[in-house]
Amino acid sequence: MRRIKDDQHYGCIGVGAGPANLSLASLLYGDTAIPTLFLDQKQFFTWHDGQQLPDTTLQVSMFKDLVSLADPINQFSFLSYLHDQGKIYHFINAQFDAMPRREYRNYLNWVCERNENVVFGERVLSVDFDKTFVVETDRRTVTADNVSIGMGTSPWVPPVAMDLLGDDQFHVCDVVEKARSLGGKRVCVVGGGQSGAEAFLDLISRPPGERPRRVSWIARRRNYFPIDDTPFTNDFYMPGYSDHFALLDKAIRQKLNADHVLTSDGISGSTLREIYQRIYIHRFTEGNEDLFSLLPGREVTNVRRGTAGDWSVEIRDIDHPGVATNVEADVIIWATGFRPAPMTVLEPVADRLQREDGELRIDKSFAVQWDGPADRNIFVHNAAPQQRGLADRNLSLIAWRSQRIAERIRGVRKDDQLDSFIEWAAKPEVPETMREMHG
Ligand SMILES: Cc1cc2nc3c(=O)[nH]c(=O)nc-3n(C[C@H](O)[C@H](O)[C@H](O)COP(=O)(O)OP(=O)(O)OC[C@H]3O[C@@H](n4cnc5c(N)ncnc54)[C@H](O)[C@@H]3O)c2cc1C
């Protein structure tokens with residue numbers, strides 16, 4: 001395809017139109033001083049559609065939509081969506097404990113449809129800088145004052161599986177499509193987070209003719225641990241904590257992310273309850289003794305083709321490292337997570353950007369620190385958990401983060417919400433002589 005030059009100069013161009021950049025697109029919408037364009041390589045909007053298993057729900061509060069926590073009267077709020085669709089009373093009366101994931105996806109799609117600055121079917125190839133940003137896509141060349149990178153994540157499997165993926169061994173991101181016909185088979189699910197739990201629950205919940213013969217669930221953690229979604233823990237997912245975290249020493253930040261991983265990556269309590277109740281019924285009331293095997297505290301060390309064309313999954317007990325056993329399976333589902341998508345589009349400016357341990361170093365406005373002009377910025381979403389904590393890679397703070405970015409672009413600064421009840425850091429003593437100066 002021949003690329004054309006777009007004559008419009010933009011205030012901000014977004015690479016990717018997932019929730020992160022859609023939040024920014026919504027907050028900037030209608031601001032005539034800042035024309036925007038948000039591009040996504042997908043032909044049309046989807047949101048983890050390959051993983052939209054029945055009855056799955058969001059793991060964050062329903063208030064944490066694209067805009068509400070930063071701009072509650074914004075036209076792209078979840079409430080506006082419900083109202084526009086005429087189903088606001090029904091949603092309330094349904095008394096969902098958590099937002100159905102499919103409904104959140106449909107809300108995002110509605111946002112895309114109403115924002116003409118969000119364009120699908122256009123892939124960004126590169127971002128360069130020559131007094132202004134020059135963005136090459138597979139269709140055109142566009143220029144902008146700012147670029148917002150929201151490229152999301154890519155599925156990840158351990159090296160033992162990387163060359164083996166196909167129809168009988170796949171990442172959980174394809175579970176809807178590839179796990180359709182598993183009746184009578186032996187399936188091995190690897191991964192003890194929410195995605196692994198959902199895949200396991202889906203398989204053991206199928207009606208008899210469609211149900212696998214056996215489902216093994218392997219997890220490295222020593223048990224199937226829940227997400228901690230309690231009040232004080234959720235204060236980690238407030239703007240003030242993100243700012244506090246950013247000022248800590250690197251070693252402390254790393255330790256906190258490791259210590260607090262279950263505040264973000266654990267399994268929803270409702271999913272765990274459902275799994276437990278389902279396996280109780282299978283074992284004690286229906287006599288399906290052999291349907292499942294639960295193997296936490298195990299690590300997959302190798303995968304080989306078995307003699308019958310099946311898979312032999314070698315696992316190591318993490319508390320008895322010398323002991324290896326095998327799980328035989330016809331199909332393996334890797335629920336082993338996602339990693340930040342490589343930001344290859346930034347290659348033309350790569351040597352101008354600062355880095356910190358594999359992440360682009362960002363300032364308070366999520367702008368990458370670089371040697372270019374201070375009013376020309378590359379913002380990054382969901383790409384700095386080592387600098388901003390675990391909240392940086394989930395939906396909790398997307399509205400606030402986008403607000404920070406929007407304010408930087410506009411050159412304004414509004415007040416944040418009140419601080420947490422918790423005092424995260426000891427406040428330094430201010431000497432009496434200085435008190436007046438500090439107010
Ligand atoms: C199944 C699932 C459920 C989740 N549920 C929750 C939850 O309940 N709560 C929570 O807090 N978090 C959740 N997350 C984690 C996280 O919030 C989501 O992954 C979220 O979608 C991240 O948003 P994003 O915009 O950063 O990235 P994405 O949603 O991945 O969007 C990135 C977009 O960038 C596009 N793109 C990439 N490269 C280019 C390019 N070169 N040119 C143009 N477009 C490009 C991609 O096509 C994609 O559409 C979930 C993740 C998964 C996988």
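The values are calculated or read from the model by the stated rules, or taken from the named source; none is laboratory data. All figures in this text were calculated on a predicted structure; none of them were measured in a lab. For neighbour counting, all protein chains shown are included, and Cβ atoms are generated from backbone atoms with ideal geometry for every residue, glycine included.
Ser148 versus (1) polar (S, T, N, Q); (2) more than 14 Å from the ligand (Cβ to nearest atom); (3) within 19 Å of Ile378 (Cβ to Cβ); (4) in contact with a helix residue (DSSP H, G or I) (Cβ under 8 Å, 6 or more places away or on another chain): which is the lone unmet condition?
Of (1) polar (S, T, N, Q); (2) more than 14 Å from the ligand (Cβ to nearest atom); (3) within 19 Å of Ile378 (Cβ to Cβ); (4) in contact with a helix residue (DSSP H, G or I) (Cβ under 8 Å, 6 or more places away or on another chain), only one is false for Ser148: (2).
So the check is Cβ under 7 Å with 6+ separation or different chains; which pairs have a first residue in the range 48-63 that's touching a residue at least 24 places away in the same chain (Cβ under 8 Å) and under 9 Å from Ala98 (Cβ atoms) and a second one that's in a helix (DSSP H, G or I) and more than 9 Å from the ligand (Cβ to nearest atom)?
Correct list of pairs: Met62/Phe78.
Surrounded by 10 or more Cβ atoms within 10 Å (Cβ to Cβ) and at pLDDT 60 or above - does that describe any residue in the range 429-438?
No, the conditions are met nowhere in the range 429-438.
Return the residues of the range 250-265 that are charged (D, E, K, R) and surrounded by 17 or more Cβ atoms within 10 Å (Cβ to Cβ); say none if nothing qualifies.
Answer for the range 250-265, where residues must be charged (D, E, K, R) and surrounded by 17 or more Cβ atoms within 10 Å (Cβ to Cβ): Arg253, Asp265.
Could you list all residues from the range 16-70 that are more than 10 Å from the ligand (Cβ to nearest atom), surrounded by 19 or more Cβ atoms within 10 Å (Cβ to Cβ) and of a type in the set (D, E, K, R)?
Asp65
List the strands (runs of 3 or more DSSP E) that sit entirely inside the range 106-209 and contain at least 3 residues that are closer than 30 Å to Trp370 by Cα.
118-120, 124-129, 133-137, 140-149, 153-155
Quick check on my filter: what residues within the range 294-331 are assigned to a loop (DSSP other than H, G, I, E, B), free of Cβ contacts under 8 Å to residues at least 40 places away in the same chain and in contact with a strand residue (DSSP E or B) (Cβ under 7 Å, 6 or more places away or on another chain)?
Result: Gly306, single match.
Go through Leu108, Leu125 for me and flag whichever is under 23 Å from the mean Cα position of the chain (by Cα) and farther than 24 Å from Ser402 by Cβ.
Leu125
Contact list please: Cβ distance under 6 Å, first residue in the range 119-134 and farther than 8 Å from Asp40 by Cα and assigned by TED's automatic domain parsing to the domain that holds Ser148, second residue modelled with pLDDT of 95 or more and near the ligand (Cβ under 9 Å from one of its atoms), pairs at least six apart or on different chains.
Ser126/Val345; Val127/Val345
With respect to Leu262, is the statement that it is closer than 17 Å to Ala219 by Cβ, in a strand (DSSP E or B) and of a type in the set (A, V, I, L, M, F, W, C) true?
Spelling it out, it is not the case that Leu262 is closer than 17 Å to Ala219 by Cβ, in a strand (DSSP E or B) and of a type in the set (A, V, I, L, M, F, W, C).
I need the full set of residues from the range 265-314 which are among the charged types (D, E, K, R) and under 30 Å from Pro100 (Cα atoms), in order please.
Once the filter is applied, which keeps residues that are among the charged types (D, E, K, R) and under 30 Å from Pro100 (Cα atoms), the range 265-314 yields Asp265, Arg273, Glu274, Arg278, Arg283, Glu286.
Conditions tested, residue by residue: (1) modelled with pLDDT under 95; (2) at negative phi; (3) basic (Lys, Arg).
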| site | (1), (2), (3) |
| --- | --- |
| Phe366 | no, no, no |
| Val380 | no, yes, no |
| Gln386 | no, yes, no |
| Leu390 | no, yes, no |
| Arg393 | yes, yes, yes |
| Gln403 | no, yes, no |
| Lys414 | yes, yes, yes |
| Trp424 | yes, yes, no |
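Residue by residue through the range 332-368, note down the ones that are assigned to a strand (DSSP E or B) and either within 14 Å of the ligand (Cβ to nearest atom) or surrounded by 21 or more Cβ atoms within 10 Å (Cβ to Cβ) (or both).
Result: Ile332, Ile333, Trp334, Phe338, Arg339, Pro340, Leu360, Ile362, Ala367, Val368.
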